[in-house]
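Heads up: the structure comes next, in structure tokens.
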Amino acid sequence: MTVPVSDAPPPAPPASGRGEEGAPLADRLARAITLAGPISLAQYMAAANAHYYATRDPLGAGGDFTTSPEISQMFGELIGLWCADLWDRAGRPDVAWVELGPGRGTLAADACRAMAKAGFTPPVHFVETSPVLRTAQATRAPGATWHDSIDTLPSDLPLLIVANEFFDALPVRQLVKRADGWFERLVACQDTLFLPIAGKQIPDAVVPETLRDATPGSVIETSPASVAILRSLAQRIVAQGGALLAVDYGYDGPALGDTLQAVRGHAFANPYEHPGEQDLTAHVDFGTLAAAALVERAAVAGPIGQGAFLAALGIDARAAALSKAAPGRAEQIALDKARLTREMGDLFQVLAVSAPGWPNPAGFA
């Protein structure tokens, strides 16, 4: 689905000598909206998250949220073994290992340790723009190569790509149903207060046919940025070989629902408050991502729940081994496993995209 509004952040207002360029993002966004009018939700989210991730390490107890790799080493180790298994069954070719949005580099460190035990030591590439997070990643993955976008990833090797909690932070657009049709949700500003409003009407033709007759008040989310990245990566994989593993909270859509959320200090917050100072995310439409990969003639497996996926990869055996090696941590290891497989087991989904002719990836029924 295409909505003719740019996902790019709104232009910054010109400086007047009073220091606007150094002002908080909320002030700059408010001024831009005041001068040029309401912006799309996608523009608001893109600007907020670009500032947010560029200026802090958001992870851990002192941050705003915790990801699966930060919960337990088991997650990254099993992802690494998944990659090593696929590489081995593909004939052990030279490949590049890629992580999109690698956080602190914790997943990469655990995955590389597990892959090395299987005899797999590929060069590591990170797609990351945050200088703060690049510094953290360098301590955990020395020798990695950083990229500002997927465009500069190696083009002469198969790619094994991991995207854990990457797509959820990409900007979304929202369409809201009213009695007289569908309207795009915009973000306005009144007296420095940001608020969602209805924008221009959207032709029914851009709404999935099965959802067009939804009741007033219904919301459809779409992420053109996610689809564009997925299609570009699928093209690379089909041409070069390899696979992509995406793990995120999401659903098999398209579907109705407003999933935009903000997290600050490990608690939910109002997404229209404090832009750039809290994490903005939306649930990932894995059905649409899978369809985008199929358009590029890639093979698709999933989506399936994270719990079932980790169970198929052997998390029970890995937890037992860790507990045996460190009996004093057995209770915590069991709690961590339960969090990954039960609390997050169905909410988080796993999708694999692979090159035609490559082996079927492990973990999918």
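Could you tell me whether the range 88-97 includes any residue that is of a type in the set (Gly, Ala, Ser), touching a Leu at 6+ places or on another chain (Cβ under 7 Å), at pLDDT 95 or above and buried (at least 23 other Cβ atoms within 10 Å of the Cβ)?
No, every residue in the range 88-97 fails to be of a type in the set (Gly, Ala, Ser), touching a Leu at 6+ places or on another chain (Cβ under 7 Å), at pLDDT 95 or above and buried (at least 23 other Cβ atoms within 10 Å of the Cβ).
It is to be established whether one or more residues within the range 8-24 are at pLDDT 90 or above and surrounded by 15 or more Cβ atoms within 10 Å (Cβ to Cβ).
no
Can you run down the residue pairs with Cβ atoms below 8 Å, 6 or more apart or on separate chains, where the first is in the range 237-249 and on the phi < 0 side of the Ramachandran plot and polar (S, T, N, Q) and the partner is surrounded by 19 or more Cβ atoms within 10 Å (Cβ to Cβ) and in a strand (DSSP E or B)?
Taking only residues 6 or more apart or on different chains, the pairs are Gln240/Leu159.
Go through the range 199-228 residue by residue and tally those that are outside any strand (DSSP E or B), within 27 Å of the chain's Cα centre (by Cα) and of a type in the set (S, T, N, Q).
Counting residues in the range 199-228 that are outside any strand (DSSP E or B), within 27 Å of the chain's Cα centre (by Cα) and of a type in the set (S, T, N, Q) gives 4.
Which fully enclosed helices (runs of 4 or more DSSP H) of the range 36-124 have 2 or more residues being of a type outside the set (Gly, Ala, Ser), more than 29 Å from Arg339 (Cβ to Cβ) and assigned by TED's automatic domain parsing to the domain that holds Leu159?
Of the helices (runs of 4 or more DSSP H) lying wholly inside the range 36-124, those with at least 2 residues that are of a type outside the set (Gly, Ala, Ser), more than 29 Å from Arg339 (Cβ to Cβ) and assigned by TED's automatic domain parsing to the domain that holds Leu159 span 73-89.
One line per residue, one yes/no per condition, for (1) assigned to a loop (DSSP other than H, G, I, E, B); (2) basic (Lys, Arg):
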{"position": "Ser155", "(1), (2)": "yes, no"}
{"position": "Val162", "(1), (2)": "no, no"}
{"position": "Asp168", "(1), (2)": "no, no"}
{"position": "Pro171", "(1), (2)": "yes, no"}
{"position": "Lys177", "(1), (2)": "no, yes"}
{"position": "Val187", "(1), (2)": "no, no"}
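If the requirement is being modelled with pLDDT of 95 or more and either touching a strand residue (DSSP E or B) at 6+ places or on another chain (Cβ under 9 Å) or under 21 Å from Leu351 (Cα atoms) (or both), which of these qualifies: Phe65, Phe75?
It is Phe75.
The values are calculated or read from the model by the stated rules, or taken from the named source; none is laboratory data. Because the structure is a prediction, the values reported are computed rather than measured. For neighbour counting, all protein chains shown are included, and Cβ atoms are generated from backbone atoms with ideal geometry for every residue, glycine included.
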